[in-house]
Amino acid sequence: MNDMIGILPSVALRGTVILPETIVHFDISREKSIKAIEAAMIRDQKIFLVAQENPDIEDPKQEDLYKIGTIAFVKQIVKMPGDILRVLVEGLERAELLCFVREEEYLEAEVGRFEREEISWDSNTQEAMVRTIKELFQSYCMESGKISKELAGQILKIDNIRRLVDQVAVNLPLYYKDRQKLLEAVFLEDRYELLGVLLSNEIEICRIRQEFQHKVRARMDKNQKEYILREQMKLIREELGEDNTVSDADEFTQKVKELEASDEVKEKILKEIERFKSMGNSSGAESTVSRAYIETLLSLPWDKASQDSTDMKETFAILEKDHYGLEKVKERIMEYLAVRTLTKKGDAPILCLVGPPGTGKTSIARSVARALNKEYVRICLGGVRDEAEIRGHRRTYVGAMPGRIAMGIKQAGVKNPLMLLDEIDKTSSDYKGDTSSALLEVLDSEQNSRFVDHYVEIPMDLSDVLFIATANDAQVIPRPLLDRMEIIEISSYTENEKEHIAKEHLIPKQKIANGLEEKQLTIQNNALRKIISGYTKEAGVRNLERKIGQICRKAAREILEDGEQKITVTTKNLEHYLGKSRYSYQMANKKDEVGIVRGLAWTSVGGDTLQIEVNIMPGKGEMRLTGQLGDVMKESAQIGISYIRSVAKKYKIDQNFFKENDIHIHIPEGAVPKDGPSAGITMATAMLSAITKTPVKAEVAMTGEITLRGRVLPIGGLKEKLLAAKNAKIKTVLVPKENKPDVEEISTEITDDLNIVYVEKMEEVLKEALKNQ
């Protein structure tokens with residue numbers, strides 16, 4: 001029986017049952033329920049919670065509610081958007097709804113509490129009941145997976161039968177009507193039996209569901225799954241208005257018919273399409289690889305070619321307009337075009353433009369493409385060290401793709417583009433292969449008509465491709481690769497050439513780039529020459545263009561800020577735009593000196609002059625070399641001293657001189673590495689001058705390799721060296737006689753005002769260089 005405990009505000013719950021010893025929140029929105037919660041909060045925060053039999057009834061009466069509910073303690077109330085109240089409660093105990101004493105403003109119920117029953121079972125019975133519930137609960141946890149391991153572990157540690165039953169009941173995810181049955185099971189024995197039935201039912205339901213899912217999964221094999229997905233894709237495409245009537249394979253076959261290619265190529269592609277068809281829907285990854293391969297083959301221009309220009313006058317006009325100088329390149333391109341026009345075929349030349357940075361090697365290739373009406377493709381080989389970059393990856397690898405050559409042809413869209421292989425001297429090799437070796441087949445006109453890319457696997461005809469390679473130093477290019485190319489040397493620009501390039505190309509280009517009109521900025525000729533000589537020191541014109549760009553930017557700012565209409569750059573105001581002059585040529589010495597000789601050197605940025613100094617001091621016959629000299633240069637010095645010792649009598653040198661004195665050779669700018677044999681005669685002359693105390697003519701400079709017998713051998717980089725001598729105001733230059741053909745090819749702009757003396761033997765060098773000889 002129950003005891004009367006009083007009157008409590010009441011809330012009718014829809015689809016929810018609160019069990020004792022449960023902390024749970026629920027949302028309420030009905031006005032009566034909200035007021036009931038407010039009334040409970042004013043009193044002792046206790047409220048009677050009872051579930052509706054039919055959750056759809058908006059204003060329930062006593063007959064619409066279950067007879068048993070729960071007395072709960074309101075712990076927290078939170079206001080939610082939309083006039084909803086979220087209430088956190090703790091279930092305290094079961095209670096019976098006797099009647100409602102108030103129903104108008106909110107529900108207020110008279111409730112009766114159940115007396116706590118005493119457990120009458122013996123210990124063995126209780127232990128059996130505990131084990132039964134635990135076994136059922138454990139089975140349920142394993143079958144359903146809805147209870148966390150931590151929570152299950154805590155519940156399974158409970159040994160009290162009453163607490164175990166209540167905790168299992170509280171934590172089971174049951175339908176609200178089953179929870180109500182547990183709530184109405186007032187006596188422990190009834191709750192125990194009901195809980196056992198509910199657990200057994202839930203376990204059986206879980207097993208049936210798993211078996212059913214297993215059977216469904218077994219029936220739905222991979223083909224059926226893909227069929228469903230494809231049907232869905234088909235519906236999606238139809239909704240988007242896309243045509244799905246032609247399959248991928250049919251589409252590929254149609255493209256093969258339209259492809260400009262040989263029968264051999266078409267046959268290979270059709271075979272791959274048949275293979276793609278046979279895969280069907282069974283192999284997703286493999287069909288994706290096959291699809292990508294077919295698409296690559298179809299996108300390559302097998303027999304598709306562009307029409308080259310045959311108008312020689314127009315071609316030459318374009319080359320002349322785009323570039324000043326570079327006569328050899330232009331001449332070779334015109335020869336190629338003439339042969340091509342006469343023979344209607346003619347093998348495309350494979351040219352290699354070798355020269356210092358900034359001399360227009362890359363840009364002339366673009367101009368050649370424009371002049372010949374060819375598609376232009378640039379492939380940068382700088383730092384490429386993997387053979388697969390050139391020949392492609394085999395299709396067995398994940399993420400395989402064609403090499404750069406095949407991709408370049410694909411990008412061009414025709415089989416006869418101009419392909420620029422930029423920085424071919426910067427390739428390298430590692431364990432993945434040698435890049436330069438992979439280029440051998442590409443650049444061999446006898447083999448490249450059947451070039452095979454590892455990915456494409458079908459021979460490609462590269463014989464119609466006009467290859468132009470660029471390099472800064474031909475010496476580092478492997479000999480077999482160098483042998484396959486026609487080398488065209490592009491030497492440093494003279495100051496006059498730089499002035500022409502700046503006027504005709506760089507200044508107009510920078511004016512446009514910086515938004516200046518033609519009349520708004522004028523750079524006087526003297527100022528331009530000073531920029532070339534004082535602010536840049538290079539073989540090409542890249543830094544010159546940067547300096548002109550700097551002037552244009554400052555001029556644009558002055559025009560906007562100061563309202564200037566026209567700006568003229570002169571030698572007087574040049575410092576305002578570019579700052580102090582950075583470079584100055586090391587001019588010829590003003591007077592003749594002992595042991596100091598001016599040599600000529602070639603560097604990657606053009607020619608330069610080297611002042612070689614020699615000192616003699618008492619010692620033990622040692623020779624010191626300073627100035628970061630390379631091995632070849634050190635050997636040249638050793639050869640020079642050996643030659644001097646061999647002719648010591650002729651120049652009246654004491655026999656004991658070399659035992660009693662040390663010789664120190666120094667080449668200034670010690671931080672700059674120097675090497676090469678071309679300073680041989682210069683060091684020998686400086687040493688002999690220091691030993692014999694004979695001054696060297698200040699206006700003389702020289703270059704040449706020396707032998708033990710005093711012969712003078714030819715050297716390279718002569719144009720740059722003579723240019724450096726001219727800039728340094730040298731009057732006489734001693735050059736190996738075997739270099740005479742090279743000198744004759746050099747522009748008279750450089751050789752004018754230079755007295756070039758050809759020498760074969762060291763005696764001739766000494767006669768021209770030493771004073772009073």
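The values are calculated or read from the model by the stated rules, or taken from the named source; none is laboratory data. This is a predicted model, so every value here is computed, not measured. Cβ placement follows ideal geometry from the backbone for every residue including glycine, while neighbour counts extend to all protein chains displayed. Surface accessibility is based on the protein's heavy atoms, side chains included, excluding ligands, DNA and RNA. Shrake-Rupley method; radii C 1.70, N 1.55, O 1.52, S 1.80 Å.
Brief remarks follow.
- Leu88 being closer than 28 Å to Asp166 by Cα, surrounded by 18 or more Cβ atoms within 10 Å (Cβ to Cβ) and touching a residue at least 12 places away in the same chain (Cβ under 8 Å): no
- Residue in the stretch 733-741 that is under 27 Å from Gly627 (Cα atoms) and touching a residue at least 60 places away in the same chain (Cβ under 8 Å) present: yes
- If you filter the stretch 750-773 down to residues that are open to solvent by less than 70 Å² (accessible area, probe 1.4 Å) and either within 55 Å of the chain's Cα centre (by Cα) or small (Gly, Ala, Ser) (or both), you find that the one that is nearest to Glu497 (Cα to Cα) is Ile750.
- Among (1) closer than 24 Å to Ala502 by Cα; (2) open to solvent by 20 Å² or more (accessible area, probe 1.4 Å) - the single one Ser367 does not satisfy: (2)
- Failed item, numbered, when Thr288 is tested on (1) modelled with pLDDT under 75; (2) open to solvent by 80 Å² or more (accessible area, probe 1.4 Å): (1)
- Annotation note: of Val339, Val354, Val414, the sole residue that is buried (at least 19 other Cβ atoms within 10 Å of the Cβ) and not hydroxyl-bearing (Ser, Thr, Tyr) is Val354.
- If you go through the stretch 462-499 and keep only what is assigned to a strand (DSSP E or B) and aliphatic (A, V, I, L, M), you end up with Leu466, Ile468, Ala469, Ala471, Ile487, Ile488.
- Filter result for the condition that a residue is at pLDDT below 85 and crowded, with 22+ Cβ neighbours inside 10 Å, over Val476, Val456: Val456
- The stretch 397-416 - residue that is among the small types (Gly, Ala, Ser) and outside any helix (DSSP H, G or I) and, of those, farthest from Ile379 (Cα to Cα): Gly399
- Residue within the stretch 239-247 that is assigned to a helix (DSSP H, G or I) and either modelled with pLDDT under 75 or not β-branched (Val, Ile, Thr) (or both) present: yes
- With respect to (1) more than 16 Å from Pro20 (Cβ to Cβ); (2) at pLDDT below 80; (3) open to solvent by 50 Å² or more (accessible area, probe 1.4 Å), the lone exception for Glu211 is condition (2).
- Filter result for Leu372 (surrounded by 21 or more Cβ atoms within 10 Å (Cβ to Cβ), of a type in the set (A, V, I, L, M) and more than 14 Å from Leu421 (Cβ to Cβ)): yes
- Checking Thr571 against (1) β-branched (Val, Ile, Thr); (2) open to solvent by 50 Å² or more (accessible area, probe 1.4 Å); (3) under 52 Å from the mean Cα position of the chain (by Cα); (4) under 27 Å from Val735 (Cα atoms), the condition it does not meet: (4)
- Unique residue being crowded, with 17+ Cβ neighbours inside 10 Å, closer than 29 Å to Glu327 by Cβ and hydroxyl-bearing (Ser, Thr, Tyr) when the list is Ser747, Ser689, Ser678: Ser678
- Residues within the stretch 693-717 that are within 24 Å of Gly355 (Cβ to Cβ) and out of contact with any Pro (no Cβ under 9 Å at 6 or more places or on another chain), tallied: 3
- For beta carbons closer than 9 Å, sequence separation of 6+ or different chains, a first residue in the stretch 399-420 that is touching a residue at least 12 places away in the same chain (Cβ under 8 Å) and a second that is polar (S, T, N, Q) and open to solvent by less than 10 Å² (accessible area, probe 1.4 Å), the qualifying pairs are Leu420/Thr470.
Okay, residues lined up against (1) farther than 19 Å from Gln524 by Cβ; (2) modelled with pLDDT under 85:
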position	(1), (2)
Asn543	yes, no
Ile548	no, no
Gln565	no, yes
Thr568	no, no
Leu574	no, no
Leu578	no, no
Tyr583	yes, yes
Gln586	yes, yes
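- Checking each residue in the stretch 692-711 for being open to solvent by 10 Å² or more (accessible area, probe 1.4 Å) and touching a helix residue (DSSP H, G or I) at 6+ places or on another chain (Cβ under 8 Å) picks out Thr694, Pro695, Lys697, Glu705, Thr707, Leu708, Arg709, Arg711.
- Total residues in the stretch 417-435 satisfying the condition of being modelled with pLDDT under 80 and either surrounded by 23 or more Cβ atoms within 10 Å (Cβ to Cβ) or part of a strand (DSSP E or B) (or both): the figure is 6.
- If you go through the stretch 729-768 and keep only what is of a type in the set (Asp, Glu) and part of a helix (DSSP H, G or I), you end up with Glu738, Asp742, Glu744, Glu745, Glu749, Glu763, Glu764, Glu768.
- Qualifying position, being out of contact with any His (no Cβ under 7 Å at 6 or more places or on another chain), open to solvent by less than 50 Å² (accessible area, probe 1.4 Å) and not in a loop (DSSP other than H, G, I, E, B), among Ala539, Ala502: Ala502
- Yes/no for Ala438 being in contact with a helix residue (DSSP H, G or I) (Cβ under 8 Å, 6 or more places away or on another chain), of a type outside the set (D, E, K, R), modelled with pLDDT of 75 or more and more than 18 Å from Ile468 (Cβ to Cβ): yes
- Matching residues, the stretch 389-411, being β-branched (Val, Ile, Thr) and open to solvent by less than 50 Å² (accessible area, probe 1.4 Å): Ile390, Ile405, Ile409
- Considering the stretch 634-669, the residues that are within 56 Å of the chain's Cα centre (by Cα), assigned to a helix (DSSP H, G or I) and of a type in the set (A, V, I, L, M, F, W, C) include one that is nearest to Glu613 (Cα to Cα), namely Ala637.
- Summed over the stretch 533-575, the residues that are in contact with a strand residue (DSSP E or B) (Cβ under 8 Å, 6 or more places away or on another chain) and more than 30 Å from Ile490 (Cβ to Cβ) give a count of 6.
- Looking across the stretch 101-125 at every residue that is surrounded by fewer than 16 Cβ atoms within 10 Å (Cβ to Cβ) and among the aliphatic types (A, V, I, L, M), the one that is modelled with the lowest pLDDT is identified as Ile119.
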